[in-house]
Structure formats: C-alpha cells, structure tokens
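Data block below; observations after.
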Amino acid sequence: MKGLKAGVVASAIALAMVAGCATSTKVSVQQPGDQAMSCEAIKAEFSKLDTVAQEADSNKGVNTANVAAVLFFWPAAVGNYMDADKAQKLVEQRRAHLMSIYNAKSCDGAAAAAATPSQ
C-alpha cells in the first residue's frame, strides 16, 4: 500500500512539473510570401495573430500550469510569463509588418473604391 501511495504521489509531482511549463506559440515577424499576400489573406493573418495573442495572454495569468509551477518550482511560473511576453511582442511586430504591407497595397482604399458606385 505504501508503494502505491508513493507511486501516486510521484506521478502527481511529475504531472505537475510537465503541466508547469506552458509555452506560447511564437510567430516569425517576416515570412516568405508576405509581400505576395492578398488583402484578404492579410486580414485572415490578423485574425490568426489575435488568437495567438489571446493564447499568450492566458499563459500569463492564473492557470493550472502557473499554479503548479508556483507550488512545485516557482521559477517556471516566471519562465511562463516571460515566454508569453515574448510571444506577444512577436505578434505585435508581425502585425506592424503586415500592416505596412496592407497599407502599401491600399487595401482599405481598394475596399472603399469598390464600395463607391461609379458614375
């Protein structure tokens, strides 16, 4: 019975240590094919970036991984926060990069021109 309890405790600790490391998705600021993207593709990429930013934000807050990290190995909680912060900065940089392409292609201007009836 003691061996079973020790095994359960060891398994719980191992699970907590694995769960204690929450990594956030990292994006490359510039990617091949960015310049060739259509306005619609850039808009879709903005939507994906929103999802990545939300994921990173949730990794900064109170969640199972961070609570386990604080309980068993507090530097992991700091690492989770720093990892999420880096992911968010990369998202901001990619968004700025794509916005410059979006503006250079006059995507908003093209949409406005398409919406304006010809005379």
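Near Gly33, once Lys and Arg are set to +1 and Asp and Glu to -1 for all other residues with Cβ below 15 Å from its Cβ, the sum equals 0. When you count the other C-beta atoms within 10 angstrom of each residue and take the mean per peptide, 43-55, 24-36 line up highest first as 43-55, 24-36.
What does the charge count around Lys105 come to, taking other residues whose C-beta lies under 14 Å from its C-beta (Lys +1, Arg +1, Asp -1, Glu -1)? Write out the running numbers ahead of the final one.
Numbers: positive: Lys43; negative: Asp34, Glu40, Glu45, Asp108.
Around Lys105, the charge tally is -3.
Bear in mind that the values in this text are calculations on the coordinates, not laboratory data. Remember, predicted model here, so these are calculated numbers, not experimental data. Note: ideal-geometry Cβ built from the backbone for every residue, glycine included; neighbour counts use all protein chains shown.
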